[in-house]
Amino acid sequence: MSEAETIGVDLGGTKMLVGVVDAERRVSFESREQSAGQTEKELLTGLERELSEAIATRPEVAAVGLGLPCTIDQRRGVAINAVNLPIRDLPIRDLIGERIGLPVFLDNDASAAALAEHLYGAARGAQNAVMVTVGTGIGGGLILGGRVFRGTNGGGSELGHTVVEFDGHPCQGSCPNRGCLEAVASGTAIAREGRIAAEREPDSVLGTALAEGRAIDGVLVTEAAKSGDEAAVAVFNLIGRKLGAGLTSFANIFEPEVIVVGGGVAAGAGELLIGPAREEVVSKALPPMNRVSVVGAELGGESGMIGAAAMARRELAEQNGEGP
Ligand SMILES: [Zn+2]
């Protein structure tokens, strides 16, 4: 496989992380930009600006890997539908490729994160692994038989849109469904449950924050739980168990060796979220699937970016006839 550096982009619902990464996973350039609340055009302009900066810093870079929170048509290079960003049927591979003059490859952001954890992190050596990324939404990536599973068109493995509550809470963004895992266990759901807890328990840290007019978001609920606030810890117990309900189904379906929980929310909350999810899997999955290990991502919030860079390096090598 090529030794050249490649650019990895993790375009999330809240932020865009761009990095230049070599084959040994060394990161020589990194930048962060906001993505929340932007139009498709603004996202493209921001992406082009960050990529240009990365290329100016590391001119020898060979290709770009885009990890997108979307369903994807890999053959045509089109981002088809993002739940939490305004991206629809966007031929992003060719658009960005023409603007920056480098080969561009696409993958789902959570599939990219799964590849990174498989190559370098918590799923190393696993033949079968499930990755979920908990952030604004919930992404899913699958390693099956030692390879990233992408579906027929590269659409991916949208594990976050697995229904865990029939006729449950409406899902977010462009998803027409209800009761998806993403609707009940994402960072957005943590914020929602945090606000409910703050109203119910005005003497808690969450209640005090609400009275002070602060926005109850996932970060605040995480900080409150880490400081020992019982109301906030209870929110994580509830959300963690709901996440675990989804993970139990994935364990039963795929019998993976490991389930890796990544994404920004999980990176911040750690065992507060993963602990209750693991307990749910251990107690509810069928044997022998209940013996699966449920662990945090080892590459933290960087797995999507590192995986997108690794994916681009692989695709480039394959295109050049070097094999994977
Ligand atoms: Zn959904």
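Ile96 meets the conditions (1) out of contact with any Ser or Thr (no Cβ under 8 Å at 6 or more places or on another chain); (2) away from the ligand (no atom under 16 Å from the Cβ); (3) closer than 27 Å to Val260 by Cα in every case but one. The failed one is (3).
So, in the range 154-209, how many residues would count as being among the hydroxyl-bearing types (Ser, Thr, Tyr), within 11 Å of the ligand (Cβ to nearest atom), open to solvent by 10 Å² or more (accessible area, probe 1.4 Å) and closer than 17 Å to Val261 by Cα? Break it down into steps so the answer makes sense when it comes.
So in the range 154-209, the residues among the hydroxyl-bearing types (Ser, Thr, Tyr) come out as 157, 162, 174, 186, 188, 204, 208.
Those still in the list that are within 11 Å of the ligand (Cβ to nearest atom) too: 162, 174, 186.
Those still in the list that are open to solvent by 10 Å² or more (accessible area, probe 1.4 Å) too: 162, 174.
Now restrict to residues that are closer than 17 Å to Val261 by Cα: 162.
Residues in the range 154-209 being among the hydroxyl-bearing types (Ser, Thr, Tyr), within 11 Å of the ligand (Cβ to nearest atom), open to solvent by 10 Å² or more (accessible area, probe 1.4 Å) and closer than 17 Å to Val261 by Cα: 1 in total.
Report yes if Arg124 is assigned to a loop (DSSP other than H, G, I, E, B), touching a residue at least 24 places away in the same chain (Cβ under 8 Å) and surrounded by fewer than 20 Cβ atoms within 10 Å (Cβ to Cβ), otherwise no. No: the conditions fail for Arg124. Residues in the range 15-25 that are in a strand (DSSP E or B) and not small (Gly, Ala, Ser): 6 in all. Evaluated against (1) among the acidic types (Asp, Glu); (2) at pLDDT 95 or above; (3) under 20 Å from Asn108 (Cα atoms), Glu53 falls short on exactly one condition, (3). Listed conditions (1) touching a strand residue (DSSP E or B) at 6+ places or on another chain (Cβ under 6 Å); (2) modelled with pLDDT of 95 or more are all met by Gly156, apart from (2). Within the range 295-322, being farther than 27 Å from Gly240 by Cα and either assigned to a helix (DSSP H, G or I) or open to solvent by less than 20 Å² (accessible area, probe 1.4 Å) (or both) holds for Ala308, Ala309, Ala310, Met311, Ala312, Arg313, Arg314, Glu315, Leu316, Ala317, Glu318, Gln319. Since Leu238 meets every condition but one in (1) among the aliphatic types (A, V, I, L, M); (2) within 20 Å of Ser186 (Cα to Cα); (3) open to solvent by less than 50 Å² (accessible area, probe 1.4 Å), which condition does it not meet? Checking Leu238 against (1) among the aliphatic types (A, V, I, L, M); (2) within 20 Å of Ser186 (Cα to Cα); (3) open to solvent by less than 50 Å² (accessible area, probe 1.4 Å), the one that fails is (3). Considering the range 26-63, the residues that are outside any helix (DSSP H, G or I) and among the basic types (Lys, Arg) include one that is least open to solvent (accessible area, probe 1.4 Å), namely Arg58.
Got at least one residue in the range 282-294 being touching a Pro at 6+ places or on another chain (Cβ under 7 Å) and either surrounded by fewer than 24 Cβ atoms within 10 Å (Cβ to Cβ) or under 30 Å from Val233 (Cβ atoms) (or both)? The answer is yes, given that some residue of the range 282-294 is touching a Pro at 6+ places or on another chain (Cβ under 7 Å) and either surrounded by fewer than 24 Cβ atoms within 10 Å (Cβ to Cβ) or under 30 Å from Val233 (Cβ atoms) (or both). If you go through the range 113-120 one residue at a time, do you hit one that is touching a residue at least 24 places away in the same chain (Cβ under 8 Å), crowded, with 24+ Cβ neighbours inside 10 Å, in contact with a Cys (Cβ under 6 Å, 6 or more places away or on another chain) and not in a loop (DSSP other than H, G, I, E, B)? Checking the range 113-120: not a single residue is touching a residue at least 24 places away in the same chain (Cβ under 8 Å), crowded, with 24+ Cβ neighbours inside 10 Å, in contact with a Cys (Cβ under 6 Å, 6 or more places away or on another chain) and not in a loop (DSSP other than H, G, I, E, B).
The values are calculated or read from the model by the stated rules, or taken from the named source; none is laboratory data. Here the structure is a predicted model, which means the values were calculated and not measured. In this analysis, Cβ positions are derived from the backbone assuming ideal geometry, glycine residues included, and neighbour counts consider all displayed protein chains. The area values use the complete protein model at the heavy-atom level, side chains included, leaving out ligands, DNA and RNA. Shrake-Rupley method; radii C 1.70, N 1.55, O 1.52, S 1.80 Å.
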